[in-house]
Structures are given as C-alpha cells and as structure tokens.
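Notes follow once the structure below has been shown.
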Amino acid sequence: MNKVFPQGDGTGNAAARTKTLSRGEGDAPRSLPGFLVARCGDPASWIYSDQKCDGTNHCGDCSDELSPVSACPPCGPGWWRCPPTVFKYCSCIPRSLCRDHVQHCSDWSDEYSCPGL
Ligand SMILES: [Ca+2]
C-alpha cells in the first residue's frame, strides 16, 4: 500500500511510513507524530490524517468524511454526489461507478443523472 502523507518537517521516520494499519482502535500510537493522526467521531477510533476527506469511509460512521466532525470540500470532479448505498463511501461515489447498470446511490442518480466519466 503506497500511502501519501502530508508534508511534515522532513523528520518523519521510516517506521511510521511503512505501517499498514488502516484504522486504529484505542489510543493512537505515541510513536506517530500528531499531525499523522486524526480522530473519528467515536473518540475510541483514529485514522491516518491522509484518510480524512479522501471519499472513503474509514471511520465506519463516515465521521472522517462528513460534518460536523470533518469539514471536507464538496465531491471532486471525479466524484458524483449522492447518498451511497455502499458502506465504503459517504456522500460521493467515484464517477467510474456511474452508468454501470449497478445501483450505487439510494436515489439511483448514479444510473440516471450522473454523466459518467
Ligand atoms: Ca476517509
């Protein structure tokens, strides 16, 4: 898994970058710099900062993607805004899922309104 971390002060250590854990339970590891860690709506859960506002439901309750916990920009150009039927997404789905004859939005807008890629 190639992860892109936010630019820090250049002192991030290699051990932190090679971790493969995608979602943590309990206390965030103290070995990680604070800027690498973000809290979910449930304070018992945490994610890496770069998993916030990336369109994918990492916290399980979408608190990493939706207000009031996260202030994310609206769906990017590669995304379609709708109420997803799939757990993986929160308020947008990738446009590659539009017009594929499979329902991904609860209002079916991915099949009937989304122009696709
Ligand atoms: Ca996420």
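Cβ-Cβ below 9 Å, separation at least six or inter-chain, first residue in the range 86-106 and closer than 20 Å to H58 by Cα, second among the polar types (S, T, N, Q) and outside any loop (DSSP other than H, G, I, E, B): which pairs?
What qualifies is K88/T56; Y89/T56; C90/T56.
How many residues does the range 63-102 hold that are in a loop (DSSP other than H, G, I, E, B), within 25 Å of R39 (Cβ to Cβ) and of a type outside the set (F, W, Y)?
Matching residues across the range 63-102 total 19.
Given the criterion among the aliphatic types (A, V, I, L, M), at pLDDT 95 or above and surrounded by 17 or more Cβ atoms within 10 Å (Cβ to Cβ), identify the matching residue among L32, L36, L97.
From the options L32, L36, L97, the qualifying one is L97.
Among residues belonging to the range 62-89 that are within 11 Å of the chain's Cα centre (by Cα) and over 15 Å from Q103 (Cα atoms), point out the one that is surrounded by the most Cβ atoms within 10 Å (Cβ to Cβ).
Among residues in the range 62-89 that are within 11 Å of the chain's Cα centre (by Cα) and over 15 Å from Q103 (Cα atoms), the one surrounded by the most Cβ atoms within 10 Å (Cβ to Cβ) is D64.
The values are calculated or read from the model by the stated rules, or taken from the named source; none is laboratory data. Source: prediction; values computed, not measured. As a convention, Cβ positions derive from the backbone with ideal geometry for all residues, glycine included, and neighbour counts pool all protein chains shown.
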